[in-house]
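Remarks on the structure that follows.
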Amino acid sequence: MGKKLYFNHDAGVDDLVSLFLVLQMKDVELIGVSVIPADGYLEPGMASSRKIIDRFGAPGTSSKVEVARSNSRGRNPFPSEWRMHTFFVDALPILNEPGIIHTREAALPAHRHMVEQLLASTEPVTLLFTGPLTDLARALDEAPEIEGKIEKLVWMGGTFNEKGNVQEPEHDGTAEWNAFWDPEAVERVWNTGIKIELVALESTNKVPLTVPVRNRWASLRKHAGLDFVGQCYAACPPLVYMETNSTYYLWDVLTTAVAGDPSLVQMKTVHSTVIADGPSQGRTVETANGRPVSLVYDVEPERFFDYITALSQNA
Ligand code: AGV
Ligand code: CA
């Protein structure tokens, strides 16, 4: 069946595109999904995830994979303009054609659902997180023994650049949003022996959403999967002249591609700690005696875009 993977996401545009892509990976067995309402809203995040599994999962996926609802709350909320994107994806006609949802909602909240799935697995499981780490931190508090079931964590979050992407009145701008939403959760996860592959802001510099990227998807829209990807990203502004606070990179999609095929990127070991409080909260800092993570520092954009296009074309 391929490697087992559990996916926790936060219902943004690229989180939902990531779920679609995971479902296309022939060598990945998705064992569970959970949704945390950070950079998105919970109800449309749950509904759209279940509809994406129905529409784009292989036959039988809807009766096997459950979607769990997180009851976690963050320290620093995302701007609601960004979070509104979840309603847009959930309303796309391609997801609403059948008018009925088959994929089940899990009975347990996200962190407990993940514990249940991990403990039930006879093989090590890859964790893919494209939002804050809160549900993993809580799962580790409740059942530290899950650490032995985790092959590795592939996470989109953090940055070692001077400048992050948080622009909030009481912050100095050094943090990345997923880390800023719940800095203590990053600290909790850093304080384990779990192998971590990190896609930080600098990892995605070479893969912004641009007009040529959009046009390539548009030219292939006869394939339902690429039409879906194009429709989702239609909600986001492309990079044209210069980066702004709303410029979109393929943050979560690159992270998902790394989970599917790590050979697409270059990684190096970086030792780091996280600042949990004060004006730099959520900032990840390189420190000689800090916790090692494998940081993605380079990607060939051509290969990456070819990879996600090929996956989407088969849908
Ligand atoms: O910091 C990147 C994370 C990713 O997980 N998210 C978006 C991706 O899902 C937060 C974010 C940063 N800038 C944004 C974000 C923007 N301009 N719009 C929406 N979300
Ligand atoms: Ca995300």
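Listed by first and then second residue, the pairs linking a residue in the range 199-221 that is in contact (Cβ under 8 Å) with a residue 60 or more places away in the chain to a residue that is of a type in the set (D, E, K, R) and surrounded by 15 or more Cβ atoms within 10 Å (Cβ to Cβ), with Cβ atoms under 7 Å apart and 6 or more places separating them unless they lie on different chains, are 200/176. Set side by side, the residues 138, 104, 112 differ, and just one is touching a residue at least 12 places away in the same chain (Cβ under 8 Å) and either under 23 Å from residue 278 (Cα atoms) or within 16 Å of ligand 1 (Cβ to nearest atom) (or both), which is 138. Can you pull out the residues in the range 123-166 that are farther than 18 Å from residue 32 by Cα and within 16 Å of ligand 2 (Cβ to nearest atom)? Selection gives 156, 157, 158, 159, 164, 165, 166.
Do we have any residue at all in the range 23-30 that's more than 20 Å from residue 257 (Cα to Cα) and open to solvent by 10 Å² or more (accessible area, probe 1.4 Å)? No, there is no match, as no residue in the range 23-30 is more than 20 Å from residue 257 (Cα to Cα) and open to solvent by 10 Å² or more (accessible area, probe 1.4 Å). Only one entry in 136, 118, 153, 140 is within 20 Å of the chain's Cα centre (by Cα) and crowded, with 24+ Cβ neighbours inside 10 Å, namely 136.
Only one entry of 52, 36, 31 meets the criterion of being of a type outside the set (Phe, Trp, Tyr) and under 11 Å from the mean Cα position of the chain (by Cα), and that entry is 36. With respect to the stated conditions, residue 59 fails to be within 16 Å of ligand 1 (Cβ to nearest atom) and closer than 25 Å to residue 227 by Cα.
Looking only at residues of the range 165-191 that are open to solvent by less than 10 Å² (accessible area, probe 1.4 Å) and small (Gly, Ala, Ser), we find that the one that is nearest to residue 257 (Cα to Cα) is 179. Where residues in the range 200-212 are in contact with a Phe, Trp or Tyr (Cβ under 7 Å, 6 or more places away or on another chain) and open to solvent by less than 30 Å² (accessible area, probe 1.4 Å), which of them is farthest from residue 271 (Cα to Cα)? Filtering the range 200-212 for residues that are in contact with a Phe, Trp or Tyr (Cβ under 7 Å, 6 or more places away or on another chain) and open to solvent by less than 30 Å² (accessible area, probe 1.4 Å), the one farthest from residue 271 (Cα to Cα) comes out as 209.
The set of residues in the range 35-81 being among the charged types (D, E, K, R), surrounded by fewer than 23 Cβ atoms within 10 Å (Cβ to Cβ) and farther than 28 Å from residue 120 by Cα consists of 75, 81. Listed by first and then second residue, the pairs with beta-carbon distance under 9 Å, at least 6 apart or on different chains, first residue in the range 71-96 and more than 25 Å from residue 185 (Cβ to Cβ) and assigned to a loop (DSSP other than H, G, I, E, B), second open to solvent by less than 30 Å² (accessible area, probe 1.4 Å) and within 16 Å of ligand 2 (Cβ to nearest atom), are 91/44; 91/48; 92/48; 92/232. Name every residue in the range 4-42 that is among the hydroxyl-bearing types (Ser, Thr, Tyr) and either part of a loop (DSSP other than H, G, I, E, B) or away from ligand 1 (no atom under 13 Å from the Cβ) (or both), in order of residue number. Scanning the range 4-42 gives 6, 34, 41.
So that you can scan it fast, the table gives a plain yes or no per residue for (1) modelled with pLDDT under 95; (2) of a type in the set (Asp, Glu); (3) within 13 Å of ligand 2 (Cβ to nearest atom):
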| site | (1), (2), (3) |
| --- | --- |
| 5 | no, no, no |
| 18 | no, no, yes |
| 23 | no, no, no |
| 29 | no, yes, no |
| 39 | no, yes, yes |
| 42 | no, no, no |
| 47 | no, no, no |
| 56 | no, no, no |
| 60 | no, no, no |
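One residue stands out in the range 239-260 among those that are open to solvent by 40 Å² or more (accessible area, probe 1.4 Å) and within 12 Å of ligand 1 (Cβ to nearest atom): the one that is farthest from residue 210 (Cα to Cα), namely 245.
The values are calculated or read from the model by the stated rules, or taken from the named source; none is laboratory data. None of the values given here were measured: they were computed from a predicted structure. Heads up, the Cβs are rebuilt from the backbone with ideal geometry, glycines too, and the neighbour counts pull from every protein chain shown. Quick note on the areas: whole protein, heavy atoms, side chains included, nothing else; ligands and nucleic acids left out. Shrake-Rupley method; radii C 1.70, N 1.55, O 1.52, S 1.80 Å.
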